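What follows is a set of notes on a single structure, which appears directly below.
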Amino acid sequence: MLHGQQCGRWSGEVTLMDEHAQTHSRKLDHVRIVLDENVAAKGISTDFDCWRMPHEALPELDMAAIDLRTTFLGKSLNAPLLISSMTGGAHDVTAINIVLAQAAQALGLGMGVGSQRAAIGNADLISSYQVRRVAPDILLMANIGAVQLNYGYGVSECQRAVDMIEADALILHLNALQEAVQPEGNTNFADLLPKIAAVCRALSVPVIIKEVGNGIGPVTARRLIEAGVAAIDVAGAGGTSWSEVERFRHQQQSRQAQVVASFADWGIPTSQAIQQVRRALPTTPIIGSGGVRSGVDTAKAIALGADVVATAKPALFAAVSAHGSEAVYEELQGFIQELRVAMFCSGCGDIATLKQLPLSRRDAQ
């Protein structure tokens, strides 16, 4: 099990002791599978490799003076980078959220927690999400599955999720494919938009809509913004596939596992989702996530239309290493340094300039 500020390598050994064993087990399954199995999307990519940043031989910049600071949803960030929502809901993963938050605080970044449904139903699990004591200043985002609005949740539960971690915003995540292939999935997504709108009207903080790795298209994004959503996290395809994660929870040779495997290439590539939503919504705050694996990916995502970028898997692997928060810090500091170099070598002195940078298609050269 994971303890303290250094998580150690995930052992896969857990003991289920409480009456919420099913939820507890699923949370631990998800972390174990992401760490130990090949759950990348198959047959589809983010398409970041299809784009090339222009090289500026004479940037006329002091690299040390490049300004990476930005503001998102009213909170200042030292760099346009967020740690994407990952986990919570089991005492075994509390240390993961702590070390992620420590790194976010040290670097001046933002962070989302995993779905808080487990803690809404079991107050004993609230502490697995609470990180304010180590990260008092960060942009912190609560998280609930939007589909739960069709399973008894409403404004009260959403506000509880915000209050329990002193969050600055609430993520309502959309995970239709994951729910469809999950053994215990909730698949009634009917008439969710009016309920999302009601939460947006009543909640004390901004609402972000986030996919989980299959992308949000421009028509849906526009409908969500019209309903009162403050920002869109496109969470496109090409990184971790949550249908692939769920496949490993089935018996691997079963017919159901074969059904799930059919969706490993499902979704909108991240770079396409960013561009499509930006064209449809020129002024909407956009988070670019889904398979972001470097600072160069981060730079490309911003040039393609994202305001900030979020990453998950690299931070998770670092969090469970023997060096815990130090490893997460070094991993994300590497992203930031790569971003700085990419901006320097393309002549961008600040994030506003990077947003206007024209990229070229590799296949067009």
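The values are calculated or read from the model by the stated rules, or taken from the named source; none is laboratory data. None of the values given here were measured: they were computed from a predicted structure. As a convention, Cβ positions derive from the backbone with ideal geometry for all residues, glycine included, and neighbour counts pool all protein chains shown.
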Q: Answer yes if at least one residue in the range 208-226 is over 22 Å from ALA142 (Cα atoms) and surrounded by 24 or more Cβ atoms within 10 Å (Cβ to Cβ), and no otherwise.
A: no
Q.
Residues to consider are ASP265, ASP233; find the one that is acidic (Asp, Glu) and either touching a Cys at 6+ places or on another chain (Cβ under 7 Å) or surrounded by fewer than 24 Cβ atoms within 10 Å (Cβ to Cβ) (or both).
A. ASP265
Q) When you scan the range 287-340, how many residues do you find that are of a type in the set (Lys, Arg) and either under 22 Å from ILE98 (Cβ atoms) or crowded, with 23+ Cβ neighbours inside 10 Å (or both)? A) 2
Q. Among strands (runs of 3 or more DSSP E) lying entirely in the range 1-100, which contain 3 or more residues that are within 17 Å of the chain's Cα centre (by Cα) and either at pLDDT 95 or above or surrounded by fewer than 23 Cβ atoms within 10 Å (Cβ to Cβ) (or both)?
A. 81-83
Q. Which residues, taken from the range 236-262, are surrounded by fewer than 18 Cβ atoms within 10 Å (Cβ to Cβ) and among the charged types (D, E, K, R)?
A. ARG255
Q: Could you grab me the full set of residues in the range 290-310 that are touching a Lys or Arg at 6+ places or on another chain (Cβ under 8 Å) and among the β-branched types (Val, Ile, Thr)?
A: ILE302
Q.
I'd like to check which helices (runs of 4 or more DSSP H) are fully inside the range 270-365 and have at least 3 residues that are over 15 Å from the mean Cα position of the chain (by Cα) and not aromatic (Phe, Trp, Tyr).
A. 270-280, 295-304, 324-344, 351-355
Q.
Consider the range 119-137. How many of its residues are closer than 19 Å to HIS30 by Cα and crowded, with 22+ Cβ neighbours inside 10 Å?
A. 4
**Q.** Subset of the range 116-127 [out of contact with any His (no Cβ under 6 Å at 6 or more places or on another chain) and either farther than 21 Å from THR187 by Cα or assigned to a helix (DSSP H, G or I) (or both)]
**A.** ARG117, ALA118, ALA119, ILE120, GLY121, ALA123, ASP124, LEU125, ILE126, SER127
Q) In the range 332-365, which residue that is among the charged types (D, E, K, R) and without any contact (Cβ under 8 Å) to a residue 60 or more places away in the chain is nearest to ALA57 (Cα to Cα)? A) GLU338
Q. Of all residues in the range 210-230, which are touching a Cys at 6+ places or on another chain (Cβ under 7 Å) and β-branched (Val, Ile, Thr)?
A. VAL229
Q) In the range 211-255, what residues are of a type in the set (D, E, K, R) and touching a Ser or Thr at 6+ places or on another chain (Cβ under 7 Å)? A) ASP233
Q | Filter result (in a helix (DSSP H, G or I) and either among the aromatic types (Phe, Trp, Tyr) or closer than 20 Å to VAL205 by Cβ (or both)) within the range 101-114 | A | ALA101, ALA104, GLN105
